[in-house]
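The values are calculated or read from the model by the stated rules, or taken from the named source; none is laboratory data. As the structure is a prediction and not an experimental result, all values here were calculated from the model. Cβ coordinates were reconstructed from backbone atoms using ideal geometry, including for glycine residues, and neighbour counts include every protein chain displayed.
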Amino acid sequence: MILKAQQGTSLSSGKLTLYAFDENENPVGCVELYNYDPINRRAAVGIVVSNEYRHRGFGSEMVQALSEFCKANTSLHQVYADIAATNAPSIHIFQKAGYQHCATLHDWVIRSDKFIDTLRYQLILEKSTS
């Protein structure tokens, strides 16, 4: 999995989109860091996988590659994802990448005219020294 940021972009602008390509340089999707909080050194993670690449392990590879990118190229302490409770594939992807469920936001989003819960998953990138 190859992740590439658009040239000239950085997390300091508040968000950073990394485009994912397979070994043949075909576009697979993207992962995005957003809601960047430089004081608390955290950012939210969003992921989109192109339909033709879903259910083939690319989502897991993208989230894992993003974690490695963050460790090597940012000062982030943690990343988190808010996932609709009904989105089992995304929950599986983030759990597989080591993210831990840390909160449930009840009736947080509307899907098909019905409120559903959102689950927050987080990954600590570095252990606190305190």
| field | Subset of segment 11-24 (residues that are surrounded by 12 or more Cβ atoms within 10 Å (Cβ to Cβ) and farther than 16 Å from residue 56 by Cβ) | value | 11, 14, 15, 16, 17, 18, 19
| note | Over segment 121-130, the set of residues at pLDDT 95 or above and either within 11 Å of the chain's Cα centre (by Cα) or loosely packed, with under 13 Cβ neighbours inside 10 Å (or both) is 121, 122, 123
| message | Every residue in segment 64-81 that is more than 16 Å from residue 40 (Cβ to Cβ) and modelled with pLDDT of 95 or more, please. | response | 81
| task | Residue by residue through segment 63-116, note down the ones that are in contact (Cβ under 8 Å) with a residue 40 or more places away in the chain and either assigned to a loop (DSSP other than H, G, I, E, B) or more than 24 Å from residue 36 (Cβ to Cβ) (or both). | result | 74, 76, 77
| note | For segment 25-42 the number of residues that are buried (at least 16 other Cβ atoms within 10 Å of the Cβ), closer than 20 Å to residue 119 by Cα and more than 9 Å from the chain's Cα centre (by Cα) is 2
